[in-house]
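First the structure, in the form of structure tokens, and then the observations on it.
The values are calculated or read from the model by the stated rules, or taken from the named source; none is laboratory data. Here the structure is a predicted model, which is why all the values come from computation and not from measurement. Don't worry about glycine lacking a Cβ; one is built from the backbone with ideal geometry, like all the others, and counts go over all protein chains shown. Just the protein is used for accessible areas: all its heavy atoms, side chains included, with ligands, DNA and RNA removed. Shrake-Rupley method; radii C 1.70, N 1.55, O 1.52, S 1.80 Å.
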Amino acid sequence: MKAITTIPPGGGVKLSQVSLENTKGVRVKTYRTGICGTDKEIAQGKLTFARPEIGSSLVMGHEAVGIIAESVEDSTFKEGDIVVPMVRRPGGCRMCRLGRQDYCEDGDFVEAGIRGKNGFMREEFIDDPRFLVKVDNPSIRDLAVLTEPLKNVMKMEETFQFLRTRIPWYCEDSTLSCKNMYVFGTGTEGLLISIVFKSLGMNVVAVNRHPLSENVMDFLDRNRIDYLDTSSEKLDAKVKDLPMDAAIDAVGAMDVLKEITDNVSNNGIAIMFGTSGQLPSHNFDVLERIVDRNIVVVGSVDGAKNHYAEAIDFIETHGKAMQMDRIITGKYQPEELNIFTEKEKGEIKKVIAWS
Ligand code: BGC
Ligand code: ZN
């Protein structure tokens, strides 16, 4: 069958012929796969931790929706069920055994399409039903390709809800309507973060260092999310108007960490999600500010099975009203490999149609 493969960690992408794995499990026909920054980094040989499962080549793809083609006796799935496969698979540590491989203690996990496990950019795959999450509503099968990036946001929300209880962080009317969340980055992950925190009743400001594309501005406007292009407007001026009560970074540049710690309010919460390998453009000291103003800075990566289920629920509940279909800006065939290297005008999320 057709598959998109790479030779990690060197990179490159190629359309290859691979055979179905010879393991026990359910057979899943791939419906859609998404491409994200991680895939582009793998393709460009920039992701140092990318590694094959066996041999030298790795099937790419960690964002997927599939349809069960053949089930096994001891599984609850039946033919035709729509599923989202999980990216990270557990190793042997305590957190992995508890189903929280997103908090793995020793790094002994694998990630489909990224490190140590073949991914989903192929016509079909055999999988362990424990790592498949069901999508009950067939009308969201196209949007369900956003489940994987959205599950990261569901974990961020869980982390945020936990951290904010350290003090009474809510408003005088008990809601979060007086609180401003700044989201750095306006790619798919940044936009998903923005709508999830908007749905909590917060005021959200999406921040980008370059002018935003019309697609992105339109999406943010429709969701009543404020935005700021720091190449033409100053962040500190905006923060004077609308205090930065919390911030989430989906960019991954050290300079953003400085911008956040310089501007976040006392008792603020900062969640760091992005990584990019970029070094800071100058030296800076964030420690005093963090200590003196009770700032909490936390890292968050990946998500657990419950976050996939919450992501599917979010798409079902808010997908239509928040016009999430506008995030998917292009649908391509597996042969169109230039989508890994070329960026189209106004592109947000590109998906590959496998069936
Ligand atoms: C995925 C995460 C994964 C991370 C690091 C992201 O693109 O969404 O699930 O843990 O890459 O490999
Ligand atoms: Zn991804």
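Pick from G299, G34, G61: which residue has the top mean-square fluctuation in a GNM of the chain where Cα pairs under 10 Å get a spring?
G299
Measure out, as a whole number of angstrom, how far apart the alpha-carbon centroids of segment 31-62 and segment 268-332 sit.
The two parts, judged by their Cα centres, are 21 Å apart.
Using the Cα centre as the reference, give the magnitude of the dipole from point charges on the C-beta atoms of the chain (Lys, Arg: +1; Asp, Glu: -1; all else neutral), rounded to the nearest 20 debye.
On the way: 44 positive and 53 negative charges, 74 e Å.
Computed charge dipole of the chain: roughly 360 debye.
Probe radius 1.4 Å, ligands and nucleic acids left out: which of L20, L132 has the largest accessible area, and how do the rest follow?
On the way: L20 65, L132 5 Å².
Reading off the accessible areas and sorting them downward yields L20, L132.
What is the Cα convex hull volume of segment 147-289 when expressed per residue in Å³?
Numbers: hull volume 17.2 nm³, N = 143.
It comes to 120 Å³ per residue, whole-number rounded.
Tell me, how many Å apart are the Cα centres for segment 229-261 and for segment 108-165?
29 Å
Helices from the chain with mean Kyte-Doolittle at least 0.5 and a Cα length along the axis of 15 Å or more, per DSSP H: which? Intermediate results must be reported in sequence, preceding the final value.
Values: long enough: 147-164 (25 Å, -0.64); 188-199 (17 Å, 1.12); 305-318 (20 Å, -0.78).
Helices meeting the criterion: 188-199.
Would you look at the GNM of the chain, springs on alpha carbons closer than 10 Å, and say which of S56, S276, S71 moves the most?
Looking only at S56, S276, S71, the biggest GNM fluctuation is shown by S56.
Using a 1.4 angstrom probe and counting only protein chains, how large is the accessible area of D262 in Å², to 10?
Result for D262: roughly 60 Å² accessible.
Scanning the chain for trypsin sites (Lys or Arg not before Pro) in DSSP loops with at most 11 other Cβ atoms within 10 Å, what's the longest stretch left with none? Please report the intermediate quantities before stating the final value.
On the way: sites that count: K24, K78, R166, R224, K234, K343, K345.
Here the longest run is 235-342.
Using alpha-carbon pairs under 8 Å, 6+ residues apart, how would you state the relative contact order of the chain in percent? Before the final figure, lay out the partial values.
Values: 757 pairs, mean separation 65.6, N = 355.
Reported relative contact order: 18 percent.
G11: net charge of surrounding residues, Cβ under 13 Å, Lys/Arg +1, Asp/Glu -1, itself excluded? Write out the running numbers ahead of the final one.
Working: positive: K14, K40, K46, R51; negative: D39, E41.
Residues near G11 contribute +2 overall.
Before I look further, what does segment 21-134 give for accessible area per residue, probe 1.4 Å, in whole square angstrom? Can you show the working numbers first?
On the way: 4920 Å² over 114 residues.
That works out to 43 Å² per residue.
Give me the tail of P(r) for segment 69-212 as a percent: Cα-Cα pairs with distance above 24 Å. Numbers along the way, then the final one.
Values: 5045 of 10296 pairs.
Tail of P(r) above 24 Å: 49 percent of Cα pairs.
When the solvent-accessible surface of protein heavy atoms is calculated with a 1.4 angstrom probe, in what order do H282, H318, H210, H307 fall, highest first?
Details: H282 90, H318 55, H210 120, H307 0 Å².
Result, largest first: H210, H282, H318, H307.
Seen from all sides and averaged, what is the projected area of the convex hull of the Cα atoms in the chain, in nm²?
About 18.3 nm², averaged over all directions.
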